[in-house]
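Below is one structure, written out as structure tokens, with a few remarks after it.
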């Protein structure tokens with residue numbers, strides 16, 4: 001089986017380009033850059049399986065509600081990147097995070113949370129035990145707003161950027177397992193912690 005791990009700027013178009021010959025499509029999203037902002041319409045289209053790793057459904061900052069105003073006063077804040085436990089890995093994040101896009105992202109997340117009930121494919125949520133970027137209320141929102149409980153996989157050795165961290169192989173194995181045509185889709189009753 002050939003698996004395409006190419007990053008796509010437009011994931012919906014990438015899915016459509018797979019063509020009718022593909023029997024399995026897995027939507028894989030990671031953290032802030034792969035947040036569910038684009039996830040809901042894609043997950044509804046593919047109806048195969050969604051795998052999210054430390055997804056963001058909230059901007060976890062005491063200043064989040066002030067972002068629409070702060071964006072006009074403060075251009076950047078210190079980077080929110082680099083949350084990796086592995087001492088030999090780096091995500092090469094920017095030194096600063098621009099506030100204006102963060103404010104837009106914060107606003108968009110409320111619409112995503114409102115639309116989670118529309119996701120009808122099985123969802124596997126892979127969450128790090130220590131995440132200094134995304135707090136636990138995202139997992140609570142997934143559990144309470146998805147129509148079927150997500151399957152939870154604990155990434156106990158990694159922080160937010162788990163795809164580059166100690167649990168990277170666990171994540172890769174989950175994606176490969178989900179992509180196998182013969183892989184059985186888990187039922188909502190198989191949810192575990």
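The values are calculated or read from the model by the stated rules, or taken from the named source; none is laboratory data. Not measured: the values here are computed from a predicted model. So basically every Cβ, Gly included, is an ideal-geometry build from the backbone, and we count neighbours across all protein chains shown.
Taking the condition buried (at least 18 other Cβ atoms within 10 Å of the Cβ), in a loop (DSSP other than H, G, I, E, B) and modelled with pLDDT of 90 or more, does residue 160 pass? When the stated conditions are applied, residue 160 passes them.
Quick check on region 93-106. Is at least one of its residues outside any strand (DSSP E or B), crowded, with 18+ Cβ neighbours inside 10 Å, at pLDDT below 90 and within 14 Å of the chain's Cα centre (by Cα)? No: zero hits.
Test residue 56 against the stated conditions and say whether it is modelled with pLDDT of 85 or more, surrounded by 16 or more Cβ atoms within 10 Å (Cβ to Cβ) and under 18 Å from the mean Cα position of the chain (by Cα). If you could, list the steps in order and put the result at the bottom.
Working: modelled with pLDDT of 85 or more: yes; surrounded by 16 or more Cβ atoms within 10 Å (Cβ to Cβ): yes; under 18 Å from the mean Cα position of the chain (by Cα): yes.
Taking the combined requirement at face value, the residue satisfies it.
So that you can scan it fast, the table gives a plain yes or no per residue for (1) farther than 30 Å from residue 71 by Cα; (2) at pLDDT below 90; (3) touching a helix residue (DSSP H, G or I) at 6+ places or on another chain (Cβ under 9 Å); (4) crowded, with 20+ Cβ neighbours inside 10 Å:
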{"site": "117", "(1), (2), (3), (4)": "yes, yes, yes, no"}
{"site": "125", "(1), (2), (3), (4)": "yes, no, yes, yes"}
{"site": "146", "(1), (2), (3), (4)": "yes, no, yes, yes"}
{"site": "153", "(1), (2), (3), (4)": "yes, no, yes, no"}
{"site": "168", "(1), (2), (3), (4)": "yes, no, yes, no"}
{"site": "171", "(1), (2), (3), (4)": "yes, no, yes, yes"}
{"site": "177", "(1), (2), (3), (4)": "yes, yes, no, no"}
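Mind listing just one residue for me: the one in region 179-193 that is assigned to a helix (DSSP H, G or I) and surrounded by 13 or more Cβ atoms within 10 Å (Cβ to Cβ) and, of those, modelled with the lowest pLDDT? The qualifying residue modelled with the lowest pLDDT is 188.
Yes/no per residue for (1) buried (at least 16 other Cβ atoms within 10 Å of the Cβ); (2) touching a residue at least 40 places away in the same chain (Cβ under 8 Å); (3) within 20 Å of the chain's Cα centre (by Cα); (4) in a helix (DSSP H, G or I):
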position: 72; (1), (2), (3), (4): no, no, no, no
position: 77; (1), (2), (3), (4): no, no, no, no
position: 84; (1), (2), (3), (4): yes, yes, yes, no
position: 109; (1), (2), (3), (4): yes, yes, yes, yes
position: 112; (1), (2), (3), (4): yes, yes, yes, yes
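Would you check which residues across region 120-146 are in contact with a strand residue (DSSP E or B) (Cβ under 7 Å, 6 or more places away or on another chain) and in a loop (DSSP other than H, G, I, E, B) and list them? Before you say what the answer is, go through the steps one by one.
We begin by selecting, within region 120-146, every residue in contact with a strand residue (DSSP E or B) (Cβ under 7 Å, 6 or more places away or on another chain); these are 121-129, 139, 142, 146.
Correct list: 121, 122, 129, 146.
Any chance you could count how many residues in region 52-70 are over 25 Å from residue 155 (Cα atoms) and in contact (Cβ under 8 Å) with a residue 12 or more places away in the chain?
Pass one, region 52-70, residues over 25 Å from residue 155 (Cα atoms): 62-70.
Keeping just the survivors that are in contact (Cβ under 8 Å) with a residue 12 or more places away in the chain gives 64, 67-68, 70.
Of the residues in that region, 4 qualify.
Matching residues to (1) surrounded by 11 or more Cβ atoms within 10 Å (Cβ to Cβ); (2) at pLDDT 85 or above; (3) assigned to a strand (DSSP E or B):
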| residue | (1), (2), (3) |
| --- | --- |
| 12 | yes, no, no |
| 27 | yes, no, yes |
| 43 | yes, no, no |
| 67 | yes, yes, no |
